[in-house]
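The values are calculated or read from the model by the stated rules, or taken from the named source; none is laboratory data. On a predicted model such as this, the values are computed, not experimentally measured, just so you know. In this analysis, Cβ positions are derived from the backbone assuming ideal geometry, glycine residues included, and neighbour counts consider all displayed protein chains.
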Amino acid sequence: MSHISPVLWQFLVKWMTDFSLFPPEASKIAPQMDALYFFMVLVSLIGLTLVILLVVAFSLLYNKRRHPVAVQIEGSTLLEATWTIIPLGLFLVMFVWGALIYFRVYTPPNNAMNVYVVGKQWMWKAEHPGGQHEINALHVPINEPVQITLISEDVFHSFSIPAFRVKREAIPGRYTSVWFEATKVGKYHLFCTQYCGTDHSHMIGWVYAMTPDDYQKWLNSSTSGSSLAQNGERLFASLSCSACHNSRPDARGPNLVGVYGSKLTLTDGSSITVDDAYLRQAILNPSQHVTQGYAPIMPTYQGQISEEGVIDLVQYIKNLDTDYRLKQTTTTTTLLPESQGKATSAAKGMVKQ
Ligand code: HEC
Ligand SMILES: [Cu+2]
């Protein structure tokens, strides 16, 4: 849209930003979304003007003084076809345009970095893969696609960053995701836009869009000492997952190396691609989908692991197909003296693969 009149566009955007009627355009999708929005406003304004003009014109042209006796007018096919086809065309343009943007917003690119965000009465907790945690704040690099994997610990929340034009529900018991690519360094509002209880209005925070260099510095300065995957590895040992999931020939559970992204065949013959949501489900509700060739002996961990813990486990299992294992084993097994034996045997089992 901006090519129509750059000056007018600049003026509009600046005016609206300064008057806080409109959030800044700070992501790649924002100008595209706004173009559609302004198109719709424009079409509505034209329609409104047309209707008002006709009302005024007709009430002057056909008032009682000029036409004391009403004349019955039969329909006009041409007229009716015109006022049907033109609006239909306009609405179809909006529909197709909107659908294209919708698919773009909700389909993260494969190379997107992932940040987990957990909503809870009444705060947003963000977790970066490196283990950096933050509350009611989210640091992201600019010019890089960022995927947010969302979940709620209690009720429905809605994760919204107006400056990026993204919004997605955080649902208890299910991962949802949204993605954006920030384009401008700055500090932007983060909201919960779903009424979620007494302190809903306090469920707000800030998004800090930084240059990749600054983001890297921030990552280094806020590290908690271990990555999500490392936390997950410790949980994997302390919850005795490794008792069944190892690569020993007599293992009672499947080997989880490389399971992420693979296609599993289930006992009912259907097949399923393993993603974050599937891993979460497999841990908390194992009897729902049982992998073919295995007995349904895995206990449920519902209520025993927090959402953050599940995220750690998911991140650990996701990374089992990389050389992460080899690099981390030594550091991690020394961190948890009480379950060192278990951790080491798990590590041995996994590394062999
Ligand atoms: C008593 C043994 C046992 C324990 C303990 C156990 N599992 Fe399992 N797990 C299994 C079996 C058997 C399957 C395959 C059958 C099924 O899908 O339920 C499985 C399936 C899975 C799957 C689905 C992937 C696949 O290849 O089928 C995941 C993910 C998983 N387990 C993770 C875990 C995690 C994480 C823990 C610890 C919190 C854990 N398991 C504890 C036995 C176990
Ligand atoms: Cu909320």
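None of THR183, THR223 is over 30 Å from ILE101 (Cα atoms), away from ligand 2 (no atom under 16 Å from the Cβ) and β-branched (Val, Ile, Thr) except THR223.
Consider the range 285-294 and keep the residues that are over 16 Å from ARG252 (Cα atoms) and within 9 Å of ligand 1 (Cβ to nearest atom). The one that is surrounded by the fewest Cβ atoms within 10 Å (Cβ to Cβ) is GLN288.
Listed here are the residues, each with its yes/no results for (1) more than 16 Å from PHE236 (Cα to Cα); (2) part of a helix (DSSP H, G or I); (3) at pLDDT 85 or above; (4) not small (Gly, Ala, Ser).
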residue	(1), (2), (3), (4)
VAL259	no, no, no, yes
GLY269	yes, no, no, no
PRO296	yes, no, no, yes
GLU308	no, yes, yes, yes
LEU313	no, yes, yes, yes
LEU320	no, yes, no, yes
ARG325	no, yes, no, yes
SER339	no, yes, no, no
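Checking PRO109, PRO68, PRO31 one by one, the residue that is in a loop (DSSP other than H, G, I, E, B) and surrounded by 10 or more Cβ atoms within 10 Å (Cβ to Cβ) is PRO109 and no other.
When we screen ALA163, ALA209 for residues that are at pLDDT 90 or above, more than 16 Å from ligand 2 (Cβ to nearest atom), under 19 Å from the mean Cα position of the chain (by Cα) and not in a strand (DSSP E or B), the only hit is ALA163. The set of residues in the range 299-322 that are closer than 19 Å to GLY119 by Cβ and touching a residue at least 40 places away in the same chain (Cβ under 8 Å) comprises ILE305, SER306, GLU307, GLU308, GLY309, ILE311, ASP312, VAL314, GLN315. Any residue in the range 91-99 that is buried (at least 17 other Cβ atoms within 10 Å of the Cβ) and away from ligand 1 (no atom under 16 Å from the Cβ)? No, the conditions are met nowhere in the range 91-99.
Being within 16 Å of ligand 2 (Cβ to nearest atom) and either charged (D, E, K, R) or loosely packed, with under 11 Cβ neighbours inside 10 Å (or both), is that true of even one residue in the range 38-59? No, the range 38-59 has no match at all. Taken over the range 149-204, the criterion of being in contact with an Asp or Glu (Cβ under 8 Å, 6 or more places away or on another chain) and aromatic (Phe, Trp, Tyr) is satisfied by PHE156, PHE159, TYR175. Per the listing LEU235, LEU279, the residue uniquely in the same structural domain as LEU320 (by TED's automatic domain parsing), within 15 Å of LYS318 (Cα to Cα), within 6 Å of ligand 1 (Cβ to nearest atom) and modelled with pLDDT of 85 or more is LEU279. Look at GLN132 and say whether it is buried (at least 16 other Cβ atoms within 10 Å of the Cβ), more than 17 Å from PRO23 (Cα to Cα) and within 16 Å of ligand 2 (Cβ to nearest atom). Criteria not met by GLN132. For ALA251, are the conditions met, namely being farther than 29 Å from ARG168 by Cβ, assigned to a loop (DSSP other than H, G, I, E, B), aliphatic (A, V, I, L, M) and outside the structural domain of LEU138 (by TED's automatic domain parsing)? When the stated conditions are applied, ALA251 passes them. Determine if the range 64-80 includes at least one residue that is without any contact (Cβ under 8 Å) to a residue 24 or more places away in the chain and touching a Pro at 6+ places or on another chain (Cβ under 6 Å). Looking for residues that are without any contact (Cβ under 8 Å) to a residue 24 or more places away in the chain and touching a Pro at 6+ places or on another chain (Cβ under 6 Å), one finds none in the range 64-80, hence no. The combined condition, being closer than 20 Å to GLU307 by Cα, within 16 Å of ligand 2 (Cβ to nearest atom) and of a type in the set (A, V, I, L, M, F, W, C), is fulfilled by CYS196.
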